[in-house]
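The values are calculated or read from the model by the stated rules, or taken from the named source; none is laboratory data. Given the structure is predicted, the values throughout are model-derived calculations rather than measurements. Cβ: placed from backbone, ideal geometry, glycine included. Neighbour counts: every protein chain shown. With ligands, DNA and RNA removed, areas are computed over all heavy atoms of the protein, side chains included. Shrake-Rupley method; radii C 1.70, N 1.55, O 1.52, S 1.80 Å.
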Amino acid sequence: MLITVNGKTKEVQNTLTIGQYLEENSYVPSQIAVELNERILSKAEYSTTVLHENDILEIVSFMGGGR
């Protein structure tokens, strides 16, 4: 099935959870925030939220720095 991740179309397997997608793509959950279809997910939802055809996923990494 096709989903959009950070503006790019990706093909993923059916019944894939957000947590599985993050693990397969080497994301560290403690260092990111995830938005699914314009709704920010809690980290607890990553393992229970299943991706569906045409979902839009935005993954934002935290950056340190500044003064």
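Residues of the chain were split at every exposed loop site, defined as GluC sites (Glu not before Pro) in a DSSP loop with at most 11 other C-beta atoms within 10 angstrom, and the longest piece left, sites excluded, is 1-37. When the Cα atoms of the chain are aligned to their principal axes, the ranges along those axes come out at 44, 24, 22 Å in descending order.
Each Cα pair under 8 Å and six or more residues apart adds its separation to the average, and for the chain the resulting relative contact order is 45 percent.
In order along the range 23-40, the Karplus-derived 3J(HN,Hα) couplings, from 6.51 cos²θ - 1.76 cosθ + 1.60 at θ = phi - 60°, round to 5, 4, 10, 6, 7, 9, x, 6, 10, 9, 10, 10, 10, 10, 6, 6, 10, 6 Hz, and Gly and Pro are given as x. Here the chain exposes an accessible surface that is 49 percent carbon and sulfur, computed with a 1.4 Å probe and the other protein chains kept in place.
Using a probe of 1.4 Å, the accessible surface attributed to K10 totals some 80 Å² when neighbouring protein chains are kept in position. In a shell of Cβ-Cβ distance under 12 Å around E35, excluding E35 itself, what net charge do Lys and Arg (+1) and Asp and Glu (-1) give? Computed value for this residue: -3.
In the full protein context, the chain carries 70 Å² of accessible surface per residue, based on a 1.4 Å probe and ignoring ligands, DNA and RNA. Apply 1/(1 + (r/R0)^6) to the Cβ-Cβ distance of H52 and E24, taking R0 = 22 Å, and write down the FRET efficiency to the nearest 0.05. Efficiency, from the Cβ-Cβ distance: 0.80. Neighbours of T4 by Cβ distance under 14 Å: Lys/Arg scored +1, Asp/Glu scored -1, total -4.
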